[in-house]
Amino acid sequence: MNIYISNLSFRVEDSDLRQLFEEYGEVSSAKVITDRNSGRSRGFGFVEMPDNEAAQKAINELNQAEYDGKAINVNEARPREDKPARGGHGGFGGGDRRRGGYGGGDRQNRRW
């Protein structure tokens, strides 16, 4: 089961999450999500546990528990929702500019 943990202290690292959840059973992976540019924690992470029963026990007992000075939120992770592609319909930058729409266009065919 994939578990989502939020409201983590920015000091928490992957190994801390692994150690916390290993008290409930085997942990396949533990990852604190970090900012791509700064490398700093974003305050949430994921833990994967192969035994669903152990994972559910961890969720039940750790949700709203205090960890490193903060009350953490622990839930079963939901699958990622597909986000619409950038520049698609309803966004900025669309349209056919060759036909005299928004700026530019075909100057030869303009009638002044």
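The values are calculated or read from the model by the stated rules, or taken from the named source; none is laboratory data. Keep in mind that what you see is a predicted model, and the values were worked out from it rather than measured. Neighbour counts run over all protein chains shown; Cβ positions are idealised from the backbone, glycine included.
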(request) Being assigned to a helix (DSSP H, G or I), among the β-branched types (Val, Ile, Thr) and in contact with a strand residue (DSSP E or B) (Cβ under 9 Å, 6 or more places away or on another chain) narrows it down to one of Ile59, Ile5, so name that one. (result) Ile59
(request) May I ask you to list the residues in region 38-51 that are more than 18 Å from Asn73 (Cβ to Cβ) and either at pLDDT 95 or above or charged (D, E, K, R) (or both)? (result) Arg40, Pro50, Asp51
(message) Quick check on region 15-26. Is at least one of its residues within 18 Å of the chain's Cα centre (by Cα) and either under 23 Å from Arg80 (Cα atoms) or part of a strand (DSSP E or B) (or both)?
(response) yes
(request) Pairs only if they're at least six apart or on different chains, beta carbon under 6 angstrom, first in region 20-44 and in contact (Cβ under 8 Å) with a residue 40 or more places away in the chain and within 18 Å of Gln64 (Cα to Cα), second part of a loop (DSSP other than H, G, I, E, B) and of a type in the set (Lys, Arg); list them, first residue then second. (result) none
(request) Within region 27-50, track down each residue that is surrounded by 15 or more Cβ atoms within 10 Å (Cβ to Cβ) and part of a loop (DSSP other than H, G, I, E, B). (result) Val27, Met49
(request) Go through (1) of a type outside the set (Ser, Thr, Tyr); (2) assigned to a loop (DSSP other than H, G, I, E, B); (3) at pLDDT 95 or above; (4) on the phi < 0 side of the Ramachandran plot one by one and return the number of the condition Gln64 breaks. (result) (4)
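Looking at region 67-81, which of the residues that are under 10 Å from Asn2 (Cα atoms) and either at pLDDT below 95 or of a type outside the set (S, T, N, Q) (or both) is surrounded by the fewest Cβ atoms within 10 Å (Cβ to Cβ)?
Ranking the qualifying residues of region 67-81, first place goes to Pro79.
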(request) With the condition kept exactly as written, say whether any residue in region 85-103 is part of a helix (DSSP H, G or I), surrounded by 10 or more Cβ atoms within 10 Å (Cβ to Cβ) and modelled with pLDDT of 95 or more. (result) no
(message) So, Val12, is that one under 16 Å from the mean Cα position of the chain (by Cα) and either modelled with pLDDT of 95 or more or not in a loop (DSSP other than H, G, I, E, B) (or both) or not?
(response) no
